[in-house]
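Structure record follows, encoded as structure tokens.
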Amino acid sequence: MAWSQDEERVLAQIEHHLGDEDPRLAARLESFNERVQRQENGRRRREAKEERRKSGRRGPQRSTIIIAISWLLITVLLVTLLVMILRNPAALPI
């Protein structure tokens, strides 16, 4: 439910006066709000991850990508070495 502009203004005033009157309580409430926000964000991420899993659309794992890139680099290095050996006449046996 969205707050009206008047309600938001009144809440901001209350928050400002609370911070002036009892800074310790205001700090505790701010800490609590941050914790709730982190939990809410974590729950949203888990729900999104679960939804992706249910839909069957899942990208490759990070480890799979790293292994594929490693094999590609090894292949490129081996091909480069073979090309260097075959182009150098001194390396060929007589």
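The values are calculated or read from the model by the stated rules, or taken from the named source; none is laboratory data. None of the values given here were measured: they were computed from a predicted structure. FYI the Cβ positions are ideal-geometry reconstructions off the backbone, even for glycines, and counts take in every protein chain you see.
Yes/no matrix, rows are residues, columns are (1) at positive phi; (2) under 21 Å from the mean Cα position of the chain (by Cα); (3) at pLDDT below 85:
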position	(1), (2), (3)
Lys49	no, yes, yes
Gly56	yes, yes, yes
Thr64	no, yes, no
Leu73	no, no, no
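Looking at Val83 and the list (1) surrounded by 10 or more Cβ atoms within 10 Å (Cβ to Cβ); (2) modelled with pLDDT under 85, which single condition is not satisfied?
(2)
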